[in-house]
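K.L.:
Dumping the structure here so I can ask a few things about it.
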Amino acid sequence: MHLRFRLLFLLVSAFGTASAQQETPQQSLNQYVAFLNQSVEAVTRRFQMLQTYQADVARYREKPDLIRLPSSGPLEEFYYHKALAGNGLTATEKKELTASTQVFWQLLTRIDQAGKSLETYVRLKDYQRDNLEQSDELISSMQAMFRQFRRDKDALYKQIQRIYHRYQPYQASNAYLYTEREMDIAVLSQYQLLDSLPYYLNENSRPNWPVTLVQQSMLTDEQLIARFGKMQASIGYPAFDMVNSFRTALRSVQAVKRSGIDDNTFAAQQSAQHGNNVYLSLLNYVNNDLLASYQAFVDYSRSAKPLLSPVKVSPVFTVASPVTTTQAVAQTRPFIDKPLIAFTTKRAAAPASKATFQALTRYVAFINESLRQMHQLQVLLRNYASSAAYHRDPTQSQQHARLAYSHEEVKLPVSAYQLLMSNSQNIPGAYRPSIHAQAEVLMNMLNEMDGLSIELTTYTAQKQYLQDRFSYSDAILDRYAYLFDAFDQKKEQLYRDVRRIFDSYPTANPASSWNLAGKAMLKTLDDNTDVLFGVKSFLKLEAAQLPTTDKLTANARTLMADEYTNLKGLQRLGRSNGLCPYSPYEDLADNTLRFADITRKVKPLLATLPDRHPYESFYYFYNNELVYEYNKFTELAKDNLLPAVNQPDVFLLRRPEATSTLPIPPRTPTAPTNEPVTAGKPSGNVPAQDAIGKPKANVPERTMIRHDTLVVERTKLIERTRTDTVYIDRGLQREVPNTLAGFAANNMVLLLDVSASMDSPVKLPLLKRSIKSLLTLLRPEDQLSIVVYSGKAKVALKPTSGANTAEITRVIDALQSSGDTDGNGGIQLAYKVADKHYIRGGNNRIILATDGEFPVSDDVFQLISDGARQDIYLTVFTFGRNKLTGQNLTRLSQLGKGTFTHVTPENANLQLIQEAQAKTARGK
């Protein structure tokens, strides 16, 4: 018996030894990578600790108070020892990696010890004794160690890669190795950018943020995305799917860069906050989205080809002193115009390539985004002009609140313009110079608009209107009036030329339903556009009669009659499905009849204009009920259909004749000064000038046009509209206005499911994106709270003003999926928060975001019903690849008198904005 036992023991031992020796080189190497990634997570937690700590320190320096720093706990050693225990490498390779790993572990230990020293320092309240002297020393030492950590981590990973490539030489013919190389190139591009971007621990500093590096990275990655996935078809499932996930993650990183470029406004440049937010977002998306997809590809490819895991990016930071000086503002130079380059189109022999079609589409997208931002600027200026009217009399001005102007909500489409220019190479050389120059002029005009707004911001902040009685302000508004009108005309010329180029290519499938229906819809839209222009001319008193609407009625009837012929073969998915082509087709026909009807009811303007100009309803209806429907159809189309451009509201800002006797500052493109000047300081007696800087011709100040027997005076006026009188019907609105102006103050409680099931690219990342789309619109009077439920419900963000988007963003970025679902507890806590911070007359609303059903108690159903009667409403957002139809969630939204919406990548940016616009400033 004893002998048998010994034999069995020897067999088991031999089997165990043989099993241990079966570890492959890739397995051993990946254990080293796992150790590196675990170390990066440890350093990232220290980095986050320092972020919170520095905020407390900044408050302490202003007003001494207690500083708190939570304990970090022991350093994780498991991955370190597991890496050293690997036995799939040669003795030489093992020795090389062990030495480097031990040195790296010692550095990680020193970082951990420095953090614990800081914790002890805070716990002992020694900062009260030495006025934070030791704190500054510890942070300075950690700054150096963080940078050394990144260098050593990268060096160790390169060692691992060299050994890996000995066992796995690159073969371009192998789909797995080829795709791995593609992913490596994409990840390296993000590493290089993050290495170049600073993170300033003191956000009050005002650095020169390297936006050009972000721009270059964006353009490089755009080309990379276009080429990515060349050999995807040769990869087996489920690794095949991870290639799609990686591409999607890369586009998400690209979206962060575009936002970073466009959001780098004058206001953002006054502190390090914007650059820090971009840095953190990039770090988060790269480590937790892009590299997660890469790692999943490695895991799923293991049976076909063992690959090396990627390594995460470790954060670094800089300590900079705060800057208190005010940045000088230079007087804005007029935009540089360019003569129109005429060209003749020639019928192409073959349909447009995908690259050419996308390049042309970018022009339309750039125009539409420019118009959207211009509209926001028009609204701001209209409201400013209305407020300024109360301050024109200095004696009366003292009785009103300080006049202020800010255009932080306006963000130029810089990234769209850069991508447009980069992709213009795909347009034939005979056409490119003309539309290229036209787009450049539009961007120049937008830059001038932005510069004038910066001047106006400084002008009001320094109260210079009390000295010059608004002469400088009036000159700026006069210039804006010209720019808005000129931009309208120039964008129309560019759109016509882009359409001419597009029409010069033959259609790939002339008889396809997409093409037949698209052409019929475009003809109808074009006739609607002609009517819109006719109404505009009538209201401008440039035309004596309204345009006829016979064509609109005929087109709408034809669309309806030919519906099943035009859409033959296309699947009807139903109105609840956003991919159904029938819905936009039918809506365009129906809305054309409505447009014809409201056109016939237009009345001529009298000398005394109403608060709300009648063209405003035309503007909204045309863009949101006609252009939107056509563009939605073009998005769904399998054939190339060029989208249409929107139209601006040309009556939003109407200028009065000059009433000030003070001189108007010159705005000429000649002899510009390079020295900064203080905005608002008029210089010299200069006659009124037109848009290009030349003196105005003698034009009558007032003209008359006869409408039959009615004489109407044509007068330039500022439209004075109260901010609470412009409302949008959410039932009819298709394009959500990108502003909260005119809407009630928000008390929004985001009740977020962060359980483990939300760990999916179409769930938690999409939820974060939806929340962030609202942040740029929030006002100081809006307050946002976040309640999360995973295991146990808790408040992740106390009610926070919309002015503090940095704190909101920080909490959003920190959200992670883990644990179980406690929906009932989450709902109860959310109502407690909403009720405690209730805003009278405001939009008090809870947004429940989840990916699945959960049991709901009767008490919770009753709580929701009672809350709705007390003006606290509940909306339900669902996430996932498939739409949820559970009875509990539907009943929750019905009892809460809110909406029930399935959030997809296509609608994620709009849903939360719609909820924030659920109540106007004057009522529901």
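K.L.:
Here is a list of conditions, (1) over 30 Å from Glu409 (Cβ atoms); (2) crowded, with 20+ Cβ neighbours inside 10 Å, and Gly825 meets all of them except one; can you say which number that is?
P.N.:
Gly825 satisfies every listed condition except (2).
K.L.:
Restricting to region 480-508, give me the number of residues that are over 24 Å from Ala349 (Cα atoms) and either touching a Lys or Arg at 6+ places or on another chain (Cβ under 6 Å) or among the acidic types (Asp, Glu) (or both).
P.N.:
Total satisfying the criteria: 4.
K.L.:
Kindly provide the set of residues from region 86-109 that are touching a helix residue (DSSP H, G or I) at 6+ places or on another chain (Cβ under 9 Å), exposed (fewer than 15 other Cβ atoms within 10 Å of the Cβ) and not β-branched (Val, Ile, Thr), ordered by number.
P.N.:
Selection gives Asn87, Gln102.
K.L.:
Oh, and also: If only one of Ala233, Ala239, Ala267 is small (Gly, Ala, Ser), surrounded by fewer than 20 Cβ atoms within 10 Å (Cβ to Cβ) and closer than 30 Å to Tyr176 by Cβ, which one is it? Break it down into steps so the answer makes sense when it comes.
P.N.:
Details: Ala239 fails: surrounded by fewer than 20 Cβ atoms within 10 Å (Cβ to Cβ); Ala267 fails: closer than 30 Å to Tyr176 by Cβ.
Being small (Gly, Ala, Ser), surrounded by fewer than 20 Cβ atoms within 10 Å (Cβ to Cβ) and closer than 30 Å to Tyr176 by Cβ holds for just one of Ala233, Ala239, Ala267, which is Ala233.
K.L.:
I've got another one for you. Within region 733-752, count every residue that is at pLDDT 80 or above and assigned to a loop (DSSP other than H, G, I, E, B).
P.N.:
Going through region 733-752, the residues at pLDDT 80 or above turn out to be 740, 743-752.
With the extra rule that they be assigned to a loop (DSSP other than H, G, I, E, B), the set shrinks to 740, 744-745.
The total comes to 3.
K.L.:
Still on this structure: Spot the failing condition for Gln489; the list is (1) closer than 25 Å to Leu552 by Cα; (2) of a type outside the set (D, E, K, R); (3) at pLDDT below 95, and only one is missed.
P.N.:
Answer for Gln489: the failing condition is (3).
K.L.:
Go through the residues of region 798-809 one by one and say whether even a single one is free of Cβ contacts under 8 Å to residues at least 12 places away in the same chain, in contact with a strand residue (DSSP E or B) (Cβ under 6 Å, 6 or more places away or on another chain) and in a helix (DSSP H, G or I).
P.N.:
Initially, region 798-809 is screened for residues free of Cβ contacts under 8 Å to residues at least 12 places away in the same chain, giving 804, 807.
Filter again for in contact with a strand residue (DSSP E or B) (Cβ under 6 Å, 6 or more places away or on another chain), leaving 807.
Filter once more, keeping what is in a helix (DSSP H, G or I): 807.
Yes; the residues of region 798-809 include at least one that is free of Cβ contacts under 8 Å to residues at least 12 places away in the same chain, in contact with a strand residue (DSSP E or B) (Cβ under 6 Å, 6 or more places away or on another chain) and in a helix (DSSP H, G or I).
K.L.:
Consider region 456-472. How many of its residues are over 20 Å from Ala267 (Cα atoms), of a type in the set (Ser, Thr, Tyr) and in contact with a Leu (Cβ under 7 Å, 6 or more places away or on another chain)?
P.N.:
Within region 456-472, residues that are over 20 Å from Ala267 (Cα atoms), of a type in the set (Ser, Thr, Tyr) and in contact with a Leu (Cβ under 7 Å, 6 or more places away or on another chain) number 2.
K.L.:
Here's something else I'd like to know. From the list Asp485, Asp526, Asp478, which residue is part of a helix (DSSP H, G or I), without any contact (Cβ under 8 Å) to a residue 12 or more places away in the chain and out of contact with any Leu (no Cβ under 9 Å at 6 or more places or on another chain)? Lay out the reasoning, then the answer.
P.N.:
Values: Asp485 fails: without any contact (Cβ under 8 Å) to a residue 12 or more places away in the chain; Asp478 fails: without any contact (Cβ under 8 Å) to a residue 12 or more places away in the chain.
Exactly one residue qualifies, and that residue is Asp526.
K.L.:
Which residue, of Asp851, Asp866, Asp858, is crowded, with 18+ Cβ neighbours inside 10 Å and more than 24 Å from Pro737 (Cα to Cα)?
P.N.:
Details: Asp866 fails: crowded, with 18+ Cβ neighbours inside 10 Å; Asp858 fails: crowded, with 18+ Cβ neighbours inside 10 Å.
Result: Asp851 is the single residue among Asp851, Asp866, Asp858 that is crowded, with 18+ Cβ neighbours inside 10 Å and more than 24 Å from Pro737 (Cα to Cα).
K.L.:
Sticking with this structure for a sec: Filter region 429-445 down to residues that are buried (at least 17 other Cβ atoms within 10 Å of the Cβ) and of a type in the set (Gly, Ala, Ser), then give me how many there are.
P.N.:
The qualifying residues number 2.
K.L.:
Among the numbered criteria (1) under 27 Å from the mean Cα position of the chain (by Cα); (2) under 18 Å from Leu516 (Cβ atoms); (3) crowded, with 21+ Cβ neighbours inside 10 Å, which single criterion is violated by Asn623?
P.N.:
So the condition that Asn623 fails would be (2).
K.L.:
Suppose the filter is in contact with a Gly (Cβ under 9 Å, 6 or more places away or on another chain), on the phi < 0 side of the Ramachandran plot and either surrounded by 21 or more Cβ atoms within 10 Å (Cβ to Cβ) or assigned by TED's automatic domain parsing to the domain that holds Ala430 (or both); does Leu552 pass it? Steps first, please.
P.N.:
Working: in contact with a Gly (Cβ under 9 Å, 6 or more places away or on another chain): no; on the phi < 0 side of the Ramachandran plot: yes; either surrounded by 21 or more Cβ atoms within 10 Å (Cβ to Cβ) or assigned by TED's automatic domain parsing to the domain that holds Ala430 (or both): yes.
Taking the combined requirement at face value, the residue does not satisfy it.
K.L.:
I'm trying to understand the selection: among the residues of region 195-217, which are part of a helix (DSSP H, G or I), out of contact with any Ser or Thr (no Cβ under 6 Å at 6 or more places or on another chain) and either over 30 Å from Tyr176 (Cα atoms) or among the aliphatic types (A, V, I, L, M) (or both)?
P.N.:
Narrowing region 195-217 to residues part of a helix (DSSP H, G or I): 195-196, 211-217.
Checking which are out of contact with any Ser or Thr (no Cβ under 6 Å at 6 or more places or on another chain) leaves us with 195-196, 211-212, 214-217.
Across region 195-217, the qualifying residues are Ser196, Val211, Thr212, Val214, Gln215.
K.L.:
In region 488-505, what residues are among the polar types (S, T, N, Q), without any contact (Cβ under 8 Å) to a residue 12 or more places away in the chain and within 18 Å of Leu641 (Cβ to Cβ)?
P.N.:
Let us first name the residues in region 488-505 that are among the polar types (S, T, N, Q), namely 489, 493, 504.
Right, trim to without any contact (Cβ under 8 Å) to a residue 12 or more places away in the chain and you get 489.
Result: no residue meets the conditions.
K.L.:
Say whether the condition of being β-branched (Val, Ile, Thr) and farther than 27 Å from Leu774 by Cβ is met by at least one residue in region 387-409.
P.N.:
First pass over region 387-409, keeping only residues β-branched (Val, Ile, Thr): 395.
Filter again for farther than 27 Å from Leu774 by Cβ, leaving 395.
Yes, region 387-409 has at least one match.
K.L.:
Same structure again: Tyr472: modelled with pLDDT under 95, surrounded by fewer than 20 Cβ atoms within 10 Å (Cβ to Cβ) and assigned to a helix (DSSP H, G or I), yes or no?
P.N.:
Numbers: modelled with pLDDT under 95: yes; surrounded by fewer than 20 Cβ atoms within 10 Å (Cβ to Cβ): no; assigned to a helix (DSSP H, G or I): yes.
The answer is no for Tyr472.
K.L.:
Can you name the helices (runs of 4 or more DSSP H) wholly within region 334-446 that have at least 1 residues being within 17 Å of Asp262 (Cβ to Cβ) and of a type in the set (Lys, Arg)?
P.N.:
In region 334-446, the matching helices (runs of 4 or more DSSP H) lie at 354-388.
K.L.:
Looking at region 581-610, which of its residues are closer than 20 Å to Glu625 by Cα, part of a loop (DSSP other than H, G, I, E, B) and in contact with a helix residue (DSSP H, G or I) (Cβ under 8 Å, 6 or more places away or on another chain)? Full working, then the answer.
P.N.:
In the first step, residues of region 581-610 are kept if they are closer than 20 Å to Glu625 by Cα; the result is 581-602.
Retained after the next criterion (residues that are part of a loop (DSSP other than H, G, I, E, B)): 581, 601-602.
Of everything in region 581-610, those that are closer than 20 Å to Glu625 by Cα, part of a loop (DSSP other than H, G, I, E, B) and in contact with a helix residue (DSSP H, G or I) (Cβ under 8 Å, 6 or more places away or on another chain) turn out to be Pro581, Val602.
K.L.:
Considering only residues that are assigned to a loop (DSSP other than H, G, I, E, B) and of a type in the set (A, V, I, L, M, F, W, C), look in region 54-81 and name the one that is surrounded by the most Cβ atoms within 10 Å (Cβ to Cβ). Don't jump to the end; show me each part of the working.
P.N.:
The first filter runs over region 54-81 and keeps only residues assigned to a loop (DSSP other than H, G, I, E, B), leaving 63-77.
Now narrow it down to the ones that are of a type in the set (A, V, I, L, M, F, W, C): 66-67, 69, 75.
Working: Leu66: 10, Ile67: 19, Leu69: 17, Leu75: 16.
Checking each candidate, the answer is Ile67.
Rundown of residues vs (1) under 25 Å from Arg382 (Cα atoms); (2) at pLDDT below 95; (3) assigned by TED's automatic domain parsing to the domain that holds Phe487, yes/no style:
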site	(1), (2), (3)
Leu567	no, no, yes
Tyr585	no, no, yes
Leu609	yes, yes, yes
His613	yes, yes, yes
Leu652	yes, yes, no
Glu657	yes, yes, no
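The values are calculated or read from the model by the stated rules, or taken from the named source; none is laboratory data. Model, not experiment: these values are computed from the prediction. With ideal geometry, Cβ positions are generated from the backbone for all residues, glycine too; neighbour counts draw on all protein chains shown.
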